[in-house]
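The next block holds one structure in the form of structure tokens; read it before the comments.
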């Protein structure tokens with residue numbers, strides 16, 4: 001069952017998005033802030049689901065490793081039991097051939113040693129070595145039963161964990177994607193609106209400048225014409241009638257060039273929200289929990305924070321600085337190493353792709369799109385997320401959760 005808080009927020013977003021999209025009035029910055037608050041509220045409503053998801057993913061990884069170990073143990077026990085059964089059969093044949101007690105044919109028909117109704121007097125005839133062989137088979141079969149039961153229970157638990165992970169994943173992704181859709185419809189529309197207003201104002205100022213230039217040119221031409229007329233009149237009254245008439249020069253014609261047509265490009269992503277020189281590394285609705293130091297497969301511990309977001313959600317430069325290098329490995333997948341102007345270091349992993357032109361040595365400004373969220377490397381494909389690490393200036397990696405919590409909501 002979906003979180004009722006998530007459902008309520010989703011309904012608000014579903015109602016809000018069409019209202020923003022269909023409005024004919026001008027959008028304001030307040031509309032953007034309100035949409036951002038709704039997106040943040042939607043992401044924050046997932047905190048409990050995200051924590052459960054993180055726990056379930058970690059438990060499922062541990063369960064998978066345990067199942068693999070149990071399967072190996074059960075297989076080894078089955079081989080050991082097979083060897084011990086051969087040894088017991090040889091023992092029975094030997095006792096039978098030497099005139100042992102009757103009823104030994106039951107041993108050949110029994111599937112396990114525990115299925116064998118051995119008579120007490122039979123054991124009295126056995127030596128210590130014979131008893132050790134039979135007891136060894138009995139112990140191996142008992143261990144096998146316990147291990148098989150544990151394996152079956154672990155498999156059932158893993159199936160339940162996978163079902164829980166799938167349900168939580170669907171809930172988280174649906175809520176984040178709906179929140180992005182509602183916010184982007186406002187933020188991107190506002191950006192386009194403001195860009196068009198800026199271009200219109202530039203065109204207006206250019207027209208005003210051209211009109212002023214044309215008026216000034218016309219005034220200069222009129223002044224020149226007046227001056228020429230006065231000069232001609234004076235010359236006529238002071239010269240003979242057969243004197244040549246003074247030549248007059250017409251003012252040069254002026255032309256006004258129409259401003260070139262301007263176009264605007266609709267942005268693919270909303271503008272980042274920058275606070276105190278830093279911004280959230282995920283420029284979209286994101287949900288995450290504090291998993292620093294949590295256990296991971298292979299005995300590793302988590303050295304970052306996993307920020308869940310829609311696949312291909314834009315990832316932003318958390319602060320202005322330089323991309324020191326990019327990489328693509330089996331562990332971190334497509335990754336980015338960023339050193340900020342402050343000297344802090346940041347690591348982005350499991351990207352779907354890099355933004356165009358992103359490479360080692362590239363200088364970036366805070367909020368620039370540097371990549372897109374994904375699940376490359378050893379990340380599970382069923383939920384794209386950004387693995388994010390942070391090292392303060394002159395320090396090693398520390399828990400990034402407090403930093404991204406402050407920046408992202």
Practice item. Kindly rank 222-228, 31-37 from highest to lowest mean number of other beta carbons found within 10 Å of each residue. Key: 31-37, 222-228
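Would you work out if the range 274-408 is rounded, prolate or oblate? Take a ≥ b ≥ c from the square roots of the eigenvalues of the alpha-carbon gyration tensor; rounded if a/c is under 1.5, else prolate when a/b is larger than b/c, oblate otherwise.
rounded
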Check your understanding: When 352, 195 are ordered from fewest to most other Cβ atoms inside 10 Å of their Cβ, what list results?
Key -> 195, 352
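Output the peptides 39-45, 148-154 sorted from most to least packed, where packing is the average of other Cβ atoms within 10 Å over each peptide's residues.
In descending order of packing, they fall as 39-45, 148-154.
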Study note, to complete from the structure: Most packed first (mean Cβ within 10 Å per residue), the peptides 320-328, 206-214 order as 320-328, 206-214
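Each value in this text was obtained by applying a stated rule to the coordinates, not by laboratory testing. From a predicted model like this one, the values you see are computed outputs, not experimental measurements. Note that we place each Cβ from the backbone using ideal geometry, even for glycine, and neighbour counts take in every protein chain shown.
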